[in-house]
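The values are calculated or read from the model by the stated rules, or taken from the named source; none is laboratory data. As the structure is a computational prediction, the values presented were derived from the model and not from experiment. Glycine also receives a Cβ, built like all others from the backbone with ideal geometry; neighbour counts cover every protein chain displayed.
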Amino acid sequence: MYSIDILCIGNELLSGITLNTNAHWLSGKITKIGGLVRRVVVVRDDLNEIKLALLDSLNRNPNWIIICGGLGPTYDDKTLLGIGKALKKKLTLNSIALDMVKNSYRHRHRRVKINKARLKMAIIPTGSTPIENPEGNAPGILLRVHKTQIICLPGVPIEMKAIATRSI
């Protein structure tokens, strides 16, 4: 049986503005296929909180850590920076992720240009693999730390579900 920790990132999840439906949906899917969700942790859009939550989960040695939220183009989307800080990995522009972002914008928003904020979605921790997002612009991310697989998914539920069901 696989053990899984779910980390959800977002101020809106802690302020009562947004119900954490992602954790509920993921937990149900994981349990249905025989996995064991050991815990769900919600933290603010804060680099240190993200770093500490990830390191705490890694110390528990789960098979998987699923992280939801904080992959977008806005200033408060800090998940990948927090992962880089926790794992002491540089974030670099990934050409595959950049192609995914460009193709997404070309397909969904024909007149939108890739600016610095949108480019941010293609800057990922070294050694990680981008995952196509069929419903949105921010790619998912997969990386491995020792025996733990870490997957980062967008916080927008339709995007998170699309990547989870089609790619994972």
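Odds and ends about this structure:
- Members of region 21-62 that are acidic (Asp, Glu) and touching a residue at least 24 places away in the same chain (Cβ under 8 Å): ASP45, ASP46, GLU49
Here is a yes/no grid of residues against (1) under 15 Å from the mean Cα position of the chain (by Cα); (2) modelled with pLDDT of 95 or more; (3) of a type in the set (S, T, N, Q):
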| site | (1), (2), (3) |
| --- | --- |
| GLY16 | no, no, no |
| GLY35 | no, yes, no |
| ARG38 | no, yes, no |
| GLY82 | yes, yes, no |
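- Residue count for region 7-40 satisfying the condition of being β-branched (Val, Ile, Thr), within 18 Å of LYS78 (Cβ to Cβ) and buried (at least 18 other Cβ atoms within 10 Å of the Cβ): 1.
- Of the helices (runs of 4 or more DSSP H) entirely within region 5-59, those holding at least 2 residues that are within 17 Å of MET160 (Cα to Cα) occupy 11-14, 21-32.
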